[in-house]
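Step one of this worksheet: look at the structure below.
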Amino acid sequence: EPEVTQTPSHQVTQMGQEVILRCVPISNHLYFYWYRQILGQKVEFLVSFYNNEISEKSEIFDDQFSVERPDGSNFTLKIRSTKLEDSAMYFCASSDGLNEKLFFGSGTQLSVL
Amino acid sequence: AQSVTQLGSHVSVSEGALVLLRCNYSSSVPPYLFWYVQYPNQGLQLLLKYTTGATLVKGINGFEAEFKKSETSFHLTKPSAHMSDAAEYFCAVMTARGGYNKLIFGAGTRLAVHP
């Protein structure tokens, strides 16, 4: 089965630093998403992206966050100035828009020190 | 607004025993409901989904779930647990439909299976 690929699997950064989390969605998919899970809490929706623009974003997705599809294959999440509370597992997902199935990557564990 | 509640953050069963993971939802529109499983160091994998039609849905690995509108529930069951079922299970409700699909997840239930 096709897979969504995320890199790196673990990222450690200092508070205030910028991080970029990378995702390669399934090649024929058109809709892209980021979710995150803080340890012990729910998986939360961050943002959805279609046709090179954000479709919807949550309250969590403030000005420190941005997404980009720079080259037609990658889908990135940037956090401009990380905070301690950004420490979480970040999941990328994609869908073809034809049915309800989202394909998730294995996640990037972000630790902000 | 949609929401999902999973009762029990940890469930432990013996191998061969019935697995029952509970999920209740809240939705202002007819819900689309999902169960996802996460094995260690892997992504979220779709187990099964309910959209319309038959309220008892069967998924992969012998799991099934029944949509009960009167109880606003979508509990996940498996008649006989296997060691390989040990994982974290997430119930989710879908909000937007057609085109992009947004999921609202429950907090997850970690299933342990012991010999």
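For a quick check of your reading of the model, give me the residue pairs whose first member lies in segment A:71-84 and is within 23 Å of A:Met15 (Cα to Cα), whose second is loosely packed, with under 13 Cβ neighbours inside 10 Å and modelled with pLDDT under 95, with beta-carbon atoms closer than 7 Å and at least 6 apart or on different chains.
Cβ pairs passing all conditions: A:Thr76/A:Pro70.
With the condition kept exactly as written, say whether any residue in segment A:15-27 is surrounded by 12 or more Cβ atoms within 10 Å (Cβ to Cβ), under 19 Å from B:Pro40 (Cα atoms) and basic (Lys, Arg).
No; the residues of segment A:15-27 include none that is surrounded by 12 or more Cβ atoms within 10 Å (Cβ to Cβ), under 19 Å from B:Pro40 (Cα atoms) and basic (Lys, Arg).
Quickly run through segment A:82-109 and pick out the residues that are of a type in the set (Asp, Glu), more than 7 Å from chain B (Cβ to nearest Cβ) and touching a strand residue (DSSP E or B) at 6+ places or on another chain (Cβ under 7 Å).
A:Asp86
Any idea how many residues of segment A:34-60 are outside any strand (DSSP E or B) and without any contact (Cβ under 8 Å) to a residue 24 or more places away in the chain?
7
Table: residues versus (1) in contact with a strand residue (DSSP E or B) (Cβ under 8 Å, 6 or more places away or on another chain); (2) part of a loop (DSSP other than H, G, I, E, B); (3) within 11 Å of chain B (Cβ to nearest Cβ); (4) of a type outside the set (A, V, I, L, M, F, W, C).
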| residue | (1), (2), (3), (4) |
| --- | --- |
| A:Gln11 | yes, no, no, yes |
| A:Arg22 | yes, no, no, yes |
| A:Ser27 | no, yes, no, yes |
| A:Phe32 | yes, no, yes, no |
| A:Asp63 | no, yes, no, yes |
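To keep it simple, each residue is scored yes or no on (1) of a type in the set (D, E, K, R); (2) at pLDDT 95 or above; (3) surrounded by 19 or more Cβ atoms within 10 Å (Cβ to Cβ).
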| residue | (1), (2), (3) |
| --- | --- |
| B:Ala1 | no, no, no |
| B:Val11 | no, yes, no |
| B:Gln42 | no, no, no |
| B:Thr52 | no, no, no |
| B:Thr55 | no, no, no |
| B:His82 | no, yes, no |
| B:Gly106 | no, no, yes |
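Considering every residue within segment A:78-92, establish whether at least one is within 24 Å of B:Val37 (Cα to Cα) and polar (S, T, N, Q).
Looking through segment A:78-92, at least one residue is within 24 Å of B:Val37 (Cα to Cα) and polar (S, T, N, Q).
If you take just the strands (runs of 3 or more DSSP E) that sit entirely in segment B:1-114, which of them hold at least 2 residues that are among the hydroxyl-bearing types (Ser, Thr, Tyr) and either over 14 Å from the mean Cα position of the chain (by Cα) or on the phi < 0 side of the Ramachandran plot (or both)?
Ranges flagged: B:3-7, B:10-14, B:19-26, B:32-38, B:73-78.
Would you say A:Lys42 is among the basic types (Lys, Arg) and in contact with a Ser or Thr (Cβ under 8 Å, 6 or more places away or on another chain)?
In short, no.
As an exercise: evaluate A:Ser94 against (1) in a loop (DSSP other than H, G, I, E, B); (2) within 27 Å of B:Gln2 (Cβ to Cβ) and give the number of the one condition it does not meet.
(1)
Hey, among A:Leu77, A:Leu110, which residue is touching a Leu at 6+ places or on another chain (Cβ under 6 Å), modelled with pLDDT of 95 or more, surrounded by 19 or more Cβ atoms within 10 Å (Cβ to Cβ) and assigned to a strand (DSSP E or B)?
Matching residue, one of A:Leu77, A:Leu110: A:Leu77.
Starting from residues that are of a type in the set (Phe, Trp, Tyr) and at the interface with chain B (Cβ under 8 Å from one of its Cβ atoms), keep the ones in segment A:34-58 and report whichever is nearest to A:Asn99 (Cα to Cα).
Checked segment A:34-58; the qualifying residue nearest to A:Asn99 (Cα to Cα) is A:Tyr50.
The values are calculated or read from the model by the stated rules, or taken from the named source; none is laboratory data. None of the values given here were measured: they were computed from a predicted structure. FYI the Cβ positions are ideal-geometry reconstructions off the backbone, even for glycines, and counts take in every protein chain you see.
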